[in-house]
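What follows is a short report on a single structure.
The values are calculated or read from the model by the stated rules, or taken from the named source; none is laboratory data. Since the model is a prediction, treat every value here as computed from it, not as a measurement. When we count neighbours, we look across all protein chains shown, and the Cβ atoms used for this are built from the backbone with ideal geometry, even at glycine. Remember, those area values only see protein heavy atoms, side chains included, never the ligands or the DNA or RNA. Shrake-Rupley method; radii C 1.70, N 1.55, O 1.52, S 1.80 Å.
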Amino acid sequence: MTEVQKIIMAVAGVFIMGFVLVGLSKQDQPIEQVEAAAKIRNNVAMQTMASDKCPPKIKQETGEQVFFPSEVLSDKETYVTLKWVGENGDKGGFKHASCTLHGTLGGISELIIDDKVIINKKI
C-alpha cells in the first residue's frame, strides 16, 4: 500500500467511527433526560409565544411599544406571565402591564394594564 492509500483508509476509518459513535449516543438517552428536554422545549415555546403575542396587544391598547419584560413568572409547565413597567404613564401610555399566556389555551389568557382587565379567559 502506498502512503496515500494509508491516509485515505485512516480518514475513512475516522468518519465511520464518528457515525457509529453518534448513532449509539442517540439511542441510549434515559427517559428522565428525554422528559427534561421536552419540558425545556415546552417552556421555551410558551415564552416565545408570549413574547410574540403580548407586545403587539399592549401597543394596540396603549399606543406604547414594549420590548423586554421587567419580570417573568412561570411554573415552567403550564403558564408564563410577562410584566412590563411603562415609561409614559403620565402621557397616555401605561404604568405597568401584565400578560399571561397558558399553554392549554395557546394564546393570551389574561392581560391587565394599569389594574384594568383587558382580557380574562378562563381555563
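Give the angle, between 0 and 90 degrees and rounded to the nearest 10, that separates the Cα long axis of helix 31-62 from the longest principal axis of the Cα atoms of the chain.
40
Leaving out ligands, DNA and RNA, what percent of the accessible area of the chain is carbon and sulfur, probe 1.4 Å?
60
At 0.36 nm per residue, minus the direct Cα-Cα distance, what do Lys116 and Leu21 gain on full extension? Give it in nm, one decimal, please. Display every interim value, and only then the final one.
Working: separation 95, 0.36 × 95 = 34.20 nm, distance 5.73 nm.
Computed gain between Lys116 and Leu21 is 28.5 nm.
Can you give the relative contact order of region 52-123 as a percent, counting alpha carbon pairs under 8 Å and 6+ residues apart?
Value for region 52-123: 21 percent.
Pairing the Cα long axis of helix 3-27 with the longest principal axis of the chain, what angle in degrees results, from 0 to 90 and rounded to the nearest 10?
Taking the Cα atoms of the chain, the angle to 3-27 is about 40 degrees.
With the crude spin-label approximation of a point 7 Å out along Cα→Cβ, what separation in nm comes out for Glu77 versus Glu61?
If labels sit at Glu77 and Glu61, their model points lie 2.8 nm apart.
Going by accessible area, probe 1.4 Å, with all protein chains left in place, what is the ranking of Asp52, Asp75, Asp115, largest first?
Descending order: Asp115, Asp52, Asp75.
For region 1-70, what class follows from the C-alpha gyration tensor (a ≥ b ≥ c being the square roots of its eigenvalues): rounded when a/c is under 1.5, otherwise prolate if a/b is larger than b/c, else oblate? Working shown, then result.
On the way: a/c = 7.82, a/b = 2.64, b/c = 2.96.
Oblate.
By its C-alpha gyration tensor, with a ≥ b ≥ c as the square roots of the eigenvalues, how is the chain shaped: rounded for a/c under 1.5, else prolate for a/b larger than b/c, else oblate?
Since a/c reaches 1.5 and a/b is larger than b/c, the shape of the chain is classed as prolate.
Is the shape of region 48-112 rounded, prolate or oblate, going by the alpha carbon gyration tensor and its root eigenvalues a ≥ b ≥ c, with a/c under 1.5 for rounded and a/b larger than b/c for prolate?
Values: a/c = 2.52, a/b = 1.90, b/c = 1.33.
Judged from the Cα gyration tensor, region 48-112 comes out prolate (a/c at least 1.5, a/b above b/c).
Give me the percent relative contact order of the chain, please, defined on Cα pairs under 8 angstrom at least 6 residues apart.
Taking the mean separation of contacting Cα pairs over the length of the chain, I get 15 percent.
Taking only protein heavy atoms into account and a 1.4 Å probe, give the accessible area per residue of the chain in Å².
72
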